[in-house]
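For reference, the structure discussed in these notes is given below.
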Amino acid sequence: MAFSTSGWAQHTERTLDEVKAEAVRRAEVGGYPLIGIDPADVQEAFKSIHTRNPDEWATAFMDVANKYENEAKSLGKTDPAKANADYIRAWRLYSFGRWPYPSSPRKQEAYEKALQMFLAHARFYDTPLEVVRIPFEGKEIIAYLRLPKNPKGPVPLVIAVNGLDSRKEDIAESFGAILPFGIAYLAVDGPGTGQSPIKVDEHADRILSRVLDYVSTRPEIDKDRVAFHGVSWGAYWATKMAILEKSRLRGASAQSPPVDEFFQPDFLRNSLLGNREYLFDQVPALMAIYDGVSNLDQLEAKSAKMSLVKQGLLGQPMAPMLVLAGINDTQVPISDIWLLLSKGDTPKTAWINPAGGHLGRQVKVWPDPRIFNQVIIPWLVHTLQTPAT
C-alpha cells in the first residue's frame, strides 16, 4: 500500500546511502534493528540495493539469508549446533528484509520466510515452543508459549507484546531468559503488526483481553501470577492493560510507552516524520498498523483517539508498573513518561536513563540486551515471585 505524506511539513528521511551507512554502523555496534546481524551480511545485501524500491530491498536480504537457510538444512543431522546458528542468521536477515513492515509482495515473502526460519530455530530450544492458536472474532490469534523446565505445579507467566516494527519472534527469543526463574512466557503480536488478526483502533485492547481469557484455561499457568510486558507500541498496550485488566495482572512493565503527547498532531508532524533515531520510514510503518490510513491527515485523526487521556483511562486504578525510558528519546516524548508516573493509585518503579534514547537504550553502555536482562527480567521475576498481599 502506498502512503502519502503530502500536506505536512517535510522532515528529511535518510537518503539510501545514509540508510546503508547507518545500518552497517548499527550492525557493528549491536544497535536496533540490526541486533545480532553480521555487518558483513548487511554489506553483502547492500551490493544489490540501488533504489528505495521495497522489493529490491527484500530480495537483496533474502538472497543472503537463503545461503544460511540452505546450509542449515544440509547440516540438520550432522551438525545441529551449526544448523541452529544458520537458522538464526537466516531468520534475522529475512526479518530485516521485511523491515519495518511488509510494504510490498517481496517484503511479505521475506516476512513469511522469517517465520519459517524462526520456527526451524525454535526446534532447537531446550524446552519446547508451543504455537498457540486462540479463536478470535472468526479469526485466530497466533502466539508462542514456553514453559520452564520441570515445573512443580502451575507457574507464573509473562504475556509479552512487540513494538511497531519488531515481532513476537523477537520477543520470544529474548524471553527465554526468564524460563530459568520458573516463569513461562507467551509472546503475541500487537494489533496491526505481524500475524495479528486486527488493526489498531481505540478498542483493539480486546484482543489482549482475549489472550488473558485463554491463559485462564491453561492448567499449567498460575492465574494469580500473570504479568504483562510491552516494548514501545507494545508498551502502550501494556499500560492500557494495567488499567483495564488490573484485577487479572500482578504487574506490567512498559518500555517507552506512548500515552498522550505522542498521539498529538504536533508530535507526529515535528518529531516522527523523518525521525533519525528510527532507521527509516517510521510514519509509513505507523500508517500501516491502522485500517484505512493512506495519508498523514488520516493518521492524525486515528492517532488522536488512542490517547489514554482522551479515552479517560489515565488516572484510574492500575496494576503495579515498571516504566523504562530515555531522556533523549525522540520517538516517544519524555512528557508521556512523567505523566504516566504521576497517575494511578499504586506506586510505580521507574528506570530512566538520563543519557538514553528510545527504550532507554544507550550505545555500548545500555544496549537493549543489558536493559532487558539487568532491569526488566529482575523486576518481572520479583513481581511474579512475591506472594500476593
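The values are calculated or read from the model by the stated rules, or taken from the named source; none is laboratory data. Note that the coordinates shown come from a computational prediction; the quantities given were computed from them, not determined experimentally. Neighbour counts run over all protein chains shown; Cβ positions are idealised from the backbone, glycine included. Areas reflect the complete protein model, heavy atoms only, side chains present, ligands, DNA and RNA absent. Shrake-Rupley method; radii C 1.70, N 1.55, O 1.52, S 1.80 Å.
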| task | Quick one: check the C-alpha center-to-center distance for segment 19-52 versus segment 294-324, whole angstrom. | result | 33
| said: Rg over Rh of segment 190-231, using C-alpha atoms and the Kirkwood radius, what does it come to? | reply: 1.02
| request: Give the longest segment of the chain that steers clear of trypsin sites (Lys or Arg not before Pro) in DSSP loops with at most 14 neighbouring Cβ atoms within 10 Å, not counting the sites themselves. | output: 153-275
| Under the Karplus relation 6.51 cos²θ - 1.76 cosθ + 1.60, θ = phi - 60°, what is the ordered set of whole-Hz ³J(HN,Hα) values for segment 327-335, x standing for Gly and Pro? | 4, 8, 4, 9, 9, 10, x, 4, 4
| field | Principal axis dimensions, largest first and in whole angstrom, of segment 11-143 by Cα | value | 44, 44, 25
| request: Using only C-alpha atoms and all pairs of different ones, pull out the Kirkwood radius for the chain in Å with one decimal. | output: 21.3
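Nearest 20 debye, what's the magnitude of the dipole of the chain about its Cα centre given +1 on Lys and Arg Cβ and -1 on Asp and Glu Cβ?
Roughly 840 debye, rounded to the nearest 20.
Can you give the accessible area per residue of the chain, in Å², using a 1.4 Å probe?
Spelled out: the 1.4 Å probe surface of the chain, per residue, equals 40 Å².
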| request: Would you mind pulling out the separation of the Cα centroids of segment 248-268 and segment 178-231, in Å? | output: 17
| request: Find the relative contact order for segment 183-268 and round it to a whole percent, using C-alpha pairs within less than 8 Å whose residues are 6+ positions apart. | output: 23
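How much of the accessible area of segment 196-306, in percent, comes from carbon and sulfur atoms when a 1.4 Å probe is used?
After summing per-atom areas, the C and S share lands at 44 percent.
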| task | Report the extension gain between residue 216 and residue 310 in nm, rounded to one decimal, defined as 0.36 nm multiplied by the number of residues separating them, less their alpha carbon distance. | result | 30.8 nm
| said: Suppose the Debye formula is applied to equal point scatterers at every Cα of segment 121-201; what is log10 I(q)/I(0) at q = 0.11, 0.14, 0.24 Å⁻¹? | reply: -0.30, -0.47, -1.14
| query | Hey, what do the phi angles of segment 60-70 turn into as Karplus ³J(HN,Hα) couplings, whole Hz, using 6.51/-1.76/1.60 and θ = phi - 60°, x for Gly and Pro? | reply | 4, 6, 5, 4, 5, 4, 4, 5, 6, 4, 5
| task | Whenever you get a sec, compute what percent of the accessible area on segment 125-179 sits on carbon and sulfur atoms (1.4 Å probe). | result | 52
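At a 1.4 Å probe radius, carbon and sulfur cover how many percent of the accessible area of segment 307-381?
59
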